[in-house]
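I have placed the structure first, in the form of structure tokens, so that the comments after it can refer back to it.
A short reminder: the numbers here are calculations on the coordinates, not readings from a lab. Predicted, not measured: the structure shown is a model, and the values here were computed from it. We place every Cβ from the backbone using ideal geometry, glycine too, and count neighbours over all the protein chains shown.
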Ligand SMILES: C[S@@+](CC[C@H](N)C(=O)[O-])C[C@H]1O[C@@H](n2cnc3c(N)ncnc32)[C@H](O)[C@@H]1O
């Protein structure tokens, strides 16, 4: 995207000033990030996502004096301003470019980032499984680049309250820039506080007044005490962590507080599909790992978790300091199995060295059995 130096005087089409159509009255048109920014003809100052014929994406801000230039076509922005979304523009060089307003998921993946963002697939899970509802009071930490904040704000709506806490001023600044860019200005339900969650939260909310809480940070277990104080009975606490070691630490520390229900953990994998004629199959590449999600709910104060009737798996909680294979859920390997594997390995080495399946001088009745055994070893060297 470039601005052409010798810009010709242009007239702004009437459609720029036109109000977008609203099906549910004027109130809906005013909602932050709502219909006024999502409907009607493309306007100057708006973000547009261009898709070229190779499927490559370019995000531009439409301006009355702007000029888009790429190897796959160039045009003046005024050629798009006033046109409906979904316009396929044919450039002077015959290239075709599709113009659409980016969806929230497109915006999150193209916006400037300070910290890693919560991917759209996980944000969707957090909103659904973390039960973020319209009008809810939600606490989120950290804010990072503000990706999750946008989904949380969309879910709580303008009558909800999202308190987002970030320990780094610079990240908070990036997040505010991204969120305001998406919603077209400050969101009425959003409050950003900088500082460490454990220090900020007790002053930010009344005890027991928070409906939902989402922790996306390195050490969420450090904030279980303040989370327990802030959450209302039944309130949902969701944590998003990148590694199994964090997941395990968080779950065990949740249990140790005796203030929450049994934690539930999961991950989501999204596999996109190639759709072309008879070639309908999963794409070869996918995002294999983003993070793990874990939710738990606040018990009523003074109550402790139910005693579990199903006992933990043997070895799940080691008594010795050294971990055993059972501690991490591995099946123990019997001495007999190990002896067999070692025998097989020696036998394989023998065959590899001699190039013969049968040992010298077996009895005729043994020969068949030995050579069959050897061919198994060669085709399935691993157990
Ligand atoms: C992975 S980023 C969050 C990304 C964000 N959820 C998004 O979608 O853009 C983690 C953030 O948590 C912040 N953080 C870590 N520990 C914190 C704490 N105890 N209190 C407040 N912020 C914290 C970090 O500075 C960092 O910006």
query = Is one or more of the residues making up the range 79-100 buried (at least 22 other Cβ atoms within 10 Å of the Cβ), under 30 Å from residue 289 (Cβ atoms) and out of contact with any strand residue (DSSP E or B) (no Cβ under 8 Å at 6 or more places or on another chain)?
reply = no
request  = Could you identify the single residue in 138, 127, 117 that is under 22 Å from residue 294 (Cβ atoms) and near the ligand (Cβ under 9 Å from one of its atoms)?
outcome  = 117
note = Going through the range 167-192 in order, the residues found to be more than 27 Å from residue 38 (Cα to Cα), within 9 Å of the ligand (Cβ to nearest atom) and free of Cβ contacts under 8 Å to residues at least 40 places away in the same chain are 167
ask   = Scanning the range 132-152 for residues that are under 14 Å from residue 120 (Cα atoms) and in contact with a strand residue (DSSP E or B) (Cβ under 9 Å, 6 or more places away or on another chain), which turns out surrounded by the most Cβ atoms within 10 Å (Cβ to Cβ)?
value = 146
inquiry  = Take residue 72 and tell me if it is in contact (Cβ under 8 Å) with a residue 40 or more places away in the chain and over 30 Å from residue 208 (Cα atoms).
reply    = no
